[in-house]
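Report on the structure given below.
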Amino acid sequence: MQPIEDSEIKRVLVVSAHPDDSDFGASGTIAGWIKMGIEVSYCICTNGDQGGEESGIPLEEMPAVRQREQRAAGAAIGVHDITFLNYRDGWLEPTIALRKDIVKAIRIAKPDRMVIQSPERNWERIGASHPDHLAAGEAAIQAVYPDARNPFAFTDLLDEGHEPWRVKEVWVTAHATPDHWVDITDTFHMKMAALHSHASQTAHNAELENMVRAWGERNAAQAGLAEGRIAEAFKIVNTN
């Protein structure tokens with residue numbers, strides 16, 4: 001499916017399970033949008049405190065570390081509006097409570113476009129299908145439709161002044177059958193700066209840049225781009 005033209009998009013909301021998820025999946029694309037003048041906000045469901053066991057950082061310190069790293073990663077590409085929902089890492093489920101929190105985030109950010117994780121398991125890339133990713137994706141798409149636009153859904157949010165909002169489209173990362181690719185060759189250095197900001201997760205990997213580049217080159221080849229180009233892949237969903 002062809003996406004809405006970027007010139008028609010004013011705001012984007014990115015919903016992910018953990019700090020660093022969006023940086024691995026979409027930060028090159030997001031950096032390009034910000035260069036165009038599109039406003040981008042993040043809503044991150046957990047603090048990712050079960051990740052980074054290689055870092056030597058104690059578990060009790062990890063939530064603050066990962067929030068700090070995500071703010072630095074966001075700054076590397078120009079994202080400064082970041083909300084953490086503080087759900088327990090590894091225990092995320094697509095509950096009504098999570099759905100409501102994402103509806104609130106949508107009504108505050110008023111995005112024309114959203115980026116979410118796939119709620120469908122990708123058997124070719126099991127690492128992309130962490131249970132928390134699936135849960136965040138499922139809750140996010142439920143929040144987009146039907147709840148965020150419905151004044152009768154979560155009426156206490158309406159009482160708080162959070163008016164209904166209709167999201168025009170959703171871009172899904174890590175989908176098994178993407179149908180849209182973005183050439184991020186020119187923003188790849190920004191993507192890597194964001195990923196290096198997540199030191200508790202990435203500092204141990206001396207091959208990080210080569211690994212991420214190889215993923216992007218495979219995406220580019222799938223999209224029919226020239227050899228040496230780098231791309232990110234999405235499934236486009238019309239939700240208008």
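Check whether at least one residue in segment 92-108 is in a loop (DSSP other than H, G, I, E, B), modelled with pLDDT of 95 or more and buried (at least 22 other Cβ atoms within 10 Å of the Cβ), and report yes or no.
Of all residues in segment 92-108, those in a loop (DSSP other than H, G, I, E, B) come to 92-95.
Now drop any that are not modelled with pLDDT of 95 or more, which leaves 92-95.
Add one more test, that the residue is buried (at least 22 other Cβ atoms within 10 Å of the Cβ), and what stays is 92.
Yes, segment 92-108 contains at least one residue that is in a loop (DSSP other than H, G, I, E, B), modelled with pLDDT of 95 or more and buried (at least 22 other Cβ atoms within 10 Å of the Cβ).
Residue-wise test of (1) within 20 Å of PRO119 (Cβ to Cβ); (2) surrounded by fewer than 22 Cβ atoms within 10 Å (Cβ to Cβ); (3) touching a strand residue (DSSP E or B) at 6+ places or on another chain (Cβ under 8 Å).
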{"residue": "GLN2", "(1), (2), (3)": "no, yes, yes"}
{"residue": "GLU8", "(1), (2), (3)": "no, yes, no"}
{"residue": "LYS35", "(1), (2), (3)": "no, yes, no"}
{"residue": "GLU54", "(1), (2), (3)": "no, yes, no"}
{"residue": "GLN70", "(1), (2), (3)": "no, no, yes"}
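Quick one: in segment 200-212, which of the residues that are over 17 Å from the mean Cα position of the chain (by Cα) and surrounded by 17 or more Cβ atoms within 10 Å (Cβ to Cβ) is nearest to ARG68 (Cα to Cα)? Give the steps one after another, and end with the answer.
First, the residues of segment 200-212 that are over 17 Å from the mean Cα position of the chain (by Cα): 200, 202-211.
Still in the running and surrounded by 17 or more Cβ atoms within 10 Å (Cβ to Cβ): 200, 202.
On the way: SER200: 11, THR202: 15 Å.
By that ranking, first place goes to SER200.
From (1) within 20 Å of SER41 (Cβ to Cβ); (2) touching a helix residue (DSSP H, G or I) at 6+ places or on another chain (Cβ under 6 Å), pick out the condition that doesn't hold for ARG121.
(1)
Just one of (1) modelled with pLDDT under 95; (2) over 14 Å from the mean Cα position of the chain (by Cα) trips up GLY48, so point out which.
(2)
Please tell me if PRO63 is closer than 25 Å to PRO94 by Cβ and over 15 Å from the mean Cα position of the chain (by Cα). Break it down into steps so the answer makes sense when it comes.
Values: closer than 25 Å to PRO94 by Cβ: yes; over 15 Å from the mean Cα position of the chain (by Cα): yes.
Criteria met by PRO63.
The values are calculated or read from the model by the stated rules, or taken from the named source; none is laboratory data. Keep in mind the model is a prediction, meaning the values are calculated, not measured. Cβ sites come from the backbone with ideal geometry, for glycine too, and all protein chains shown count toward neighbours.
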